[in-house]
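What follows is a set of notes on a single structure, which appears directly below.
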Amino acid sequence: MPAGDGVVDNWSGASLLPSLYEAVRIEPRTHTYIFVGFTDEERGEIGSRFYSHQMTREQVAATDAMVNMDTLGLAPTEVWASHSDKKLTGALIYIASRLGLPVSGVNVEQVGSSDGEQFSARKIPSITIHSLTQETWNARILHTSKDKFSAIRLDDYYQTYRLIAAYITFLDQVSSPDASTSH
């Protein structure tokens, strides 16, 4: 098991799932949301690989988007622009501007890959939302003993939650048959 508690990577995303569910369940939705916490991302996206490969053609065709949340709360919200669908990224930037929240594109190829890659391979548009910056990468938090709750900047984490909740609500209003949110 890697050093640290794994709070930043990956519990920071997984722990938002119940709160996001609560945020969107109140209002009637047009689409179906599936909230999933995948296992073993660092070992080759084992959970997301299994999940995406077991999807039938009909399930793939009915899935409009995969919203991947990974490593949140180290800084304001970032999007892995080079690995995210341009329309999904544009919608995130639009919602962030409407809420007055910061979001920028920070590509993190040096980290590896993400669970969203498995869905992109099935031609499902995906977006990876994170909080890694050059500064937080240089701090060497991920996969070290520094990966603890104390590394999370709670204000940034909360702002990311607000943005993602508004974002998936917005996607419900603009996309077609089924939007999936997962970690």
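For the reader, a short list of remarks on this structure follows.
- Flag if residue 75 is assigned to a loop (DSSP other than H, G, I, E, B), crowded, with 17+ Cβ neighbours inside 10 Å and of a type in the set (A, V, I, L, M): yes
- All of 44, 100, 116, 112 fail the test of being within 16 Å of the chain's Cα centre (by Cα) and at positive phi, apart from 112.
- In the condition set (1) in contact (Cβ under 8 Å) with a residue 24 or more places away in the chain; (2) surrounded by fewer than 21 Cβ atoms within 10 Å (Cβ to Cβ); (3) in a loop (DSSP other than H, G, I, E, B), residue 17 is compliant with all but (3).
- Matching residues, region 23-57, being in a loop (DSSP other than H, G, I, E, B) and either among the hydrophobic types (A, V, I, L, M, F, W, C) or without any contact (Cβ under 8 Å) to a residue 60 or more places away in the chain (or both): 26, 28, 34, 38, 39, 40, 44, 55, 56
- Only listed residue being surrounded by fewer than 21 Cβ atoms within 10 Å (Cβ to Cβ) and not hydrophobic (A, V, I, L, M, F, W, C), chosen from 167, 161: 161
- Qualifying residue in region 16-23 (condition: modelled with pLDDT of 95 or more and in contact with a Gly (Cβ under 8 Å, 6 or more places away or on another chain)): no
- Matching residues, region 1-23, being over 16 Å from the mean Cα position of the chain (by Cα) and not small (Gly, Ala, Ser): 1, 2, 5, 22
- When residues in region 98-113 are screened for being within 16 Å of residue 135 (Cβ to Cβ) and in a strand (DSSP E or B), 2 of them pass.
- Close pairs (7 angstrom Cβ cut-off, 6 or more residues apart or separate chains): more than 11 Å from residue 23 (Cβ to Cβ) in region 150-172, assigned to a helix (DSSP H, G or I) and polar (S, T, N, Q) anywhere: 152/12; 157/12
- Among the criteria (1) modelled with pLDDT under 85; (2) in a helix (DSSP H, G or I); (3) of a type outside the set (D, E, K, R); (4) farther than 18 Å from residue 114 by Cα, the one residue 60 does not fulfil is (1).
- Selection within region 79-132 - out of contact with any strand residue (DSSP E or B) (no Cβ under 8 Å at 6 or more places or on another chain) and buried (at least 22 other Cβ atoms within 10 Å of the Cβ): 118
The values are calculated or read from the model by the stated rules, or taken from the named source; none is laboratory data. Source: prediction; values computed, not measured. Cβ: placed from backbone, ideal geometry, glycine included. Neighbour counts: every protein chain shown.
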